[in-house]
Amino acid sequence: MSRARADEEEYWHSSKFRAFTFDDEDDELSQLKETKRAVNSLRDIVDDDDDDLEKVSWSGEPVGSISWSIRETASSSTTSLESRDSSLPKGSSSYTALPKQASSYSLSNLFKGRNKLPSFQSLSDALSDTGVKNYAPELRRPKAEYKDYSSDWSPKDTVRRMQRGKVCSLERFRSLQDKLVLLDEAVAGNDGNVITAVLIFLKRTLRKEFLFRELVVRQVALCHLIHFLKETGEQKFLLDLLRFLDRTEEFALSQYREHLSIQDVEKRREFLKGCIGLPFSAEDTAHVQDHYTLLERQIIIESSDRRLEKEGGSEIFRKYPRKASILNMPLVTTLYYSCFYHYTEAEGTYSSPTNLKKTFKIPDKQYVLTALAARAKLRAWNDVDALFTTKNWLGYTKKKAPIGFHRVVEILQRNNAPVQVLQEYVRLVEDVETRLNLATKYKCHDVVIDTYRDLKDRIQLTAYRCKVERGSAEEEKIDSILNN
């Protein structure tokens with residue numbers, strides 16, 4: 001029996017690995033080296049980025065659970081108390097006994113080589129530390145989360161992080177001086193989004209008079225704030241700012257702009273009436289006055305035409321029913337409407353086109369263009385002819401167009417005017433080349449033939465003879481001219 005025991009002891013002492021004995025205190029150092037070497041070799045072959053695997057302790061419970069945390073914390077505290085007496089005395093040259101820590105390693109930590117939880121200590125770490133540091137387990141969070149929510153960023157660093165799209169809290173800047181430094185850094189960064197973000201923060205946290213006073217000497221930030229208020233429609237705050245800056249004309253225009261949000265036509269008319277006394281420039285005052293007068297005129301015309309259309313007493317409303325209301329329409333649209341439905345009315349009525357022309361000082365070109373489009377739409381060619389016919393002081397009549405007869409021809413052609421009407425106005429085009437182009441384009445053969453005859457261009461006239469129909473009146477006319 002003793003021989004077998006001796007052989008067994010010899011076997012164990014002669015193998016590569018030595019058995020653990022409580023008497024050998026120096027074995028802990030060799031075990032520590034062997035374990036670290038094994039773990040380091042595993043790091044090279046195991047993927048360190050696999051975060052989806054669940055951590056499991058030796059007891060089979062997931063790492064981070066309540067029961068696991070309580071047990072590990074208790075064991076760590078007990079080990080810590082036992083290891084406090086094992087520090088190395090000063091001047092001693094012998095090895096000290098390393099403190100034994102409770103196992104706080106999981107399978108996933110061992111095979112991934114992770115060092116998040118308390119790791120193996122080196123000999124130098126053990127000699128330099130007077131106590132053992134125990135860390136309670138915590139949930140895994142992104143590293144960037146600790147940086148983004150840091151509260152010690154300076155104004156300059158905060159602006160830089162905002163330029164990179166990082167999350168930064170501005171609430172830590174509480175004093176007026178810190179807020180102004182932050183605004184100056186944002187302006188210096190030349191990033192409009194950052195400037196606007198800082199201005200929104202200041203607008204929310206500062207009183208108006210303080211904010212307005214500081215923006216007076218910061219024109220870049222002031223322009224950003226005014227533009228932001230206009231885009232977001234914060235009209236009251238914008239009016240207070242413009243009034244503080246004594247920018248009266250801009251204040252008046254901003255006040256006038258509020259009429260766009262008023263849907264009721266009577267309330268809008270009253271609002272425009274109140275805007276006439278605002279401090280506009282001379283030109284803007286005239287525009288506001290015309291706007292009020294036009295809306296007042298539209299209300300009268302709309303009321304009368306609606307009644308006529310409902311009663312059915314007007315032929316033009318029966319033949320051409322109205323497609324939309326005239327309220328809040330531009331001046332040109334109102335003039336077209338008047339030329340379409342009320343062209344023959346006397347000048348004394350509100351709906352007369354000549355009354356509108358005189359009241360709002362509409363230029364002749366604009367009036368002729370609008371009236372021509374309206375009457376050509378109705379195919380009222382006599383009205384079109386009368387629109388361009390004038391008399392001189394001797395009583396002779398002639399046709400004159402302030403817009404040029406080439407434009408008259410184009411408008412008539414878009415409204416499907418007959419060839420006889422087109423030819424009459426194509427002949428009135430003064431430029432010969434333009435006249436020939438229009439006559440050829442719209443097939444006004446008589447105009448082309450007469451123009452080549454006046455130019456005595458036999459070659460062009462012969463070439464044009466091939467473009468007309470065989471046996472037509474135009475071909476006979478060309479042959480007659482060529483024979484003579």
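Observations, loosely collected:
- Within the set Phe228, Phe251, the sole residue that is hydrophobic (A, V, I, L, M, F, W, C), more than 23 Å from Arg160 (Cα to Cα) and open to solvent by less than 50 Å² (accessible area, probe 1.4 Å) turns out to be Phe251.
- Residues (out of contact with any helix residue (DSSP H, G or I) (no Cβ under 6 Å at 6 or more places or on another chain), closer than 24 Å to Glu231 by Cα and surrounded by 15 or more Cβ atoms within 10 Å (Cβ to Cβ)) located in the stretch 259-290: Asp284
- Long-range neighbours under 6 Å by Cβ, at least six apart or interchain, first residue assigned to a helix (DSSP H, G or I) within the stretch 281-304, second basic (Lys, Arg): Tyr292/Lys273; Leu295/Arg269
- Hits in the stretch 428-440 - residues which are open to solvent by 50 Å² or more (accessible area, probe 1.4 Å) and under 16 Å from Glu474 (Cα atoms): Thr440
- In the stretch 312-327, the residues that are open to solvent by 40 Å² or more (accessible area, probe 1.4 Å) form Cβ pairs under 8 Å with partners that are in a loop (DSSP other than H, G, I, E, B) and of a type outside the set (Lys, Arg), at six or more places apart or across chains, as follows: Arg318/Gly312; Tyr320/Leu378.
- As for the stretch 343-354, it holds at least one residue that is part of a loop (DSSP other than H, G, I, E, B), farther than 30 Å from Gln420 by Cβ and among the charged types (D, E, K, R).
- Condition met for Thr451 (among the polar types (S, T, N, Q) and modelled with pLDDT under 90): no
- With a requirement of 2 or more residues that are within 16 Å of Phe244 (Cβ to Cβ) and among the aliphatic types (A, V, I, L, M), the helices (runs of 4 or more DSSP H) lying completely within the stretch 168-226 that satisfy it span 192-205, 208-215.
- Within the stretch 214-229, residues that are over 11 Å from Leu183 (Cβ atoms) reach partners that are open to solvent by 10 Å² or more (accessible area, probe 1.4 Å) and in a helix (DSSP H, G or I) with beta carbons closer than 7 Å, at six or more positions or on different chains, in the pairs Phe228/Thr196; Leu229/Phe237.
The values are calculated or read from the model by the stated rules, or taken from the named source; none is laboratory data. A quick note: this is a predicted structure, and the numbers were derived from the prediction, not measured. Ideal geometry is used to build each Cβ from the backbone, glycine not excepted, and the neighbour counts take in all protein chains shown. When the accessible area is computed, the model is the full protein with side chains, heavy atoms only, and any ligands, DNA or RNA have been set aside. Shrake-Rupley method; radii C 1.70, N 1.55, O 1.52, S 1.80 Å.
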